[in-house]
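As structure tokens, the structure follows; a few thoughts come after it.
Read-outs: derived from the displayed coordinates by stated rules, not from any lab. Note that the structure is predicted; figures quoted are calculated from it, not measured. With ideal geometry, Cβ positions are generated from the backbone for all residues, glycine too; neighbour counts draw on all protein chains shown.
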Amino acid sequence: MTAALEISNLQTWYGESHILHNVNLKVQPGEVVTLLGRNGAGRTTTLRAIMGLTGARKGSIKINGVEAIGFPTHKIAHLGVGYCPEERGIFASLSTEENLLLPPQLSTGDKGMSIKEIYSMFPNLEERKHSQGTRLSGGEQQMLAVARILRTGARLLLLDEISEGLAPVIVQGLARMITTLKSKGYTIVMVEQNFRFAAPLADRFYVMEHGQIVETFVSSELSDKMPVLTELLGV
Ligand SMILES: Nc1ncnc2c1ncn2[C@@H]1O[C@H](COP(=O)(O)OP(=O)(O)O)[C@@H](O)[C@H]1O
Ligand SMILES: [Mg+2]
């Protein structure tokens, strides 16, 4: 089976700063993988590097078997990748529905969710469809940021700390959303600080430290790995 995402020996720089050192990561279609690590470990940089948003990159990033290391961001998106950045990127002056309609559909052949499907998955976004971006709660903004990429037809979702700063009841809603997306066959890479949120959702785990992958294991190994995770993450 061709991996949805296969990163080999990825190195990345921001200017002179060498941030990622030979990162290797492989995600099969339909898998949910979480990238854990302390602040500054290089998780966001990994997602940004996949999207071509860092400085120089070296190594290999294959998306559905296509080498994308030399591609500009828009071409990478058109391979079927949806990136939800930590800062969410909701347009404050646009309504919920305008935000949803903003990103263009990708040329992958995948149609993406219709507005109707999105509203049935996120009923509170339908209630708020005429509200301006600024009027939405943090949780609603986060739902909108994810919903927006579902409409484009992206099948590989890169989600950066979606649970951050949100109330437990909202985080539970996001967990249900991830479970639904997994059942629909989406491939998901979640960067998380919130171990308790990620742990029950992920099929596999990667732990980063100082721009390198230092641990990787499957969910059935989680309890055996708790001592090392406690040491690496302080969870
Ligand atoms: N735009 C940037 N320019 C220079 N250095 C950066 C930039 N963004 C992040 N870094 C550095 O890269 C390292 C990894 O950061 P990041 O990927 O944001 O970590 P994480 O998401 O795991 O918290 C940190 O040392 C951070 O200071
Ligand atoms: Mg980060």
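How many percent of Cα pairs in segment 1-56 exceed 15 Å?
51
Name the aspartates and glutamates eligible as straight-distance cross-link partners of LYS26: C-alpha to C-alpha under 12 Å, and not fewer than 8 places from it in the same chain.
GLU6
Any idea what the dipole of segment 61-218 comes to, in debye rounded to 20, about its Cα centre with Lys/Arg Cβ at +1 and Asp/Glu Cβ at -1?
So the dipole magnitude of segment 61-218 works out to roughly 500 debye.
On a full-extension model of 0.36 nm per residue, what is the gain between LEU233 and THR180, subtracting their alpha-carbon distance, rounded to one decimal in nm?
Between LEU233 and THR180, full extension yields an extra 16.3 nm.
Tell me the volume per residue, in Å³, of the convex hull enclosing the alpha carbons of the chain.
Measuring per residue, one finds 121 Å³ for the Cα hull of the chain.
Just want to confirm a number: the relative contact order over segment 1-103, from Cα pairs under 8 angstrom separated by 6+ residues, in percent.
For segment 1-103, the relative contact order is 28 percent.
Using only the alpha-carbon atoms, how far is helix 138-151 inclined from the longest principal axis of the chain? Give it as 0 to 90 degrees, nearest 10.
90
To the nearest 10 degrees, how steeply does helix 168-183 sit against the main Cα axis of the chain, on a 0 to 90 scale?
Around 80 degrees separate the two axes.
Along Cα→Cβ, 7 Å out, is where each label goes; now give me the distance between the ones at SER107 and ARG135 in nm to one decimal.
Rounded to a tenth, the inter-label distance reads 3.8 nm.
State whether segment 86-148 is rounded, prolate or oblate according to the following rule on the C-alpha gyration tensor (a ≥ b ≥ c being the square roots of its eigenvalues): a/c under 1.5 gives rounded; otherwise a/b larger than b/c gives prolate, and the remaining case gives oblate.
Note, shape of segment 86-148 comes out prolate.
Helix 222-233 versus the longest principal axis of the chain: what is the Cα-based angle in degrees, 0 to 90, to the nearest 10?
Roughly 90 degrees between the two axes.
Got the relative contact order for segment 111-190 handy, in percent, Cα pairs under 8 Å and 6 or more residues apart?
For segment 111-190, the relative contact order is 35 percent.
By per-residue mean of other Cβ atoms within 10 Å, what is the highest-first order of 63-69, 166-172?
Peptide ranking by packing, descending: 63-69, 166-172.
Got the relative contact order for the chain handy, in percent, Cα pairs under 8 Å and 6 or more residues apart?
After rounding, I find 28 percent.
Taking 0.36 nm per residue of separation and subtracting the Cα-Cα distance, what length does fully extending VAL66 through SER223 add?
Taking VAL66 through SER223 to full extension adds about 53.0 nm, to one decimal.
Between the alpha-carbon centers of segment 108-128 and segment 52-106, tell me the distance in whole angstrom.
Between the Cα centre of segment 108-128 and that of segment 52-106, the gap is 19 Å.
Between segment 25-42 and segment 164-235, what's the alpha-carbon centroid distance in Å?
8
Using helices alone, I'd like the mean residue ellipticity at 222 nm for the chain: each DSSP H run of four-plus residues gives -39500 (n - 2.57), total over residue count, nearest 500.
-9000 deg cm²/dmol
Quick check on the chain: of the DSSP beta bridges with both residues there, what percent are antiparallel, nearest 5%?
55
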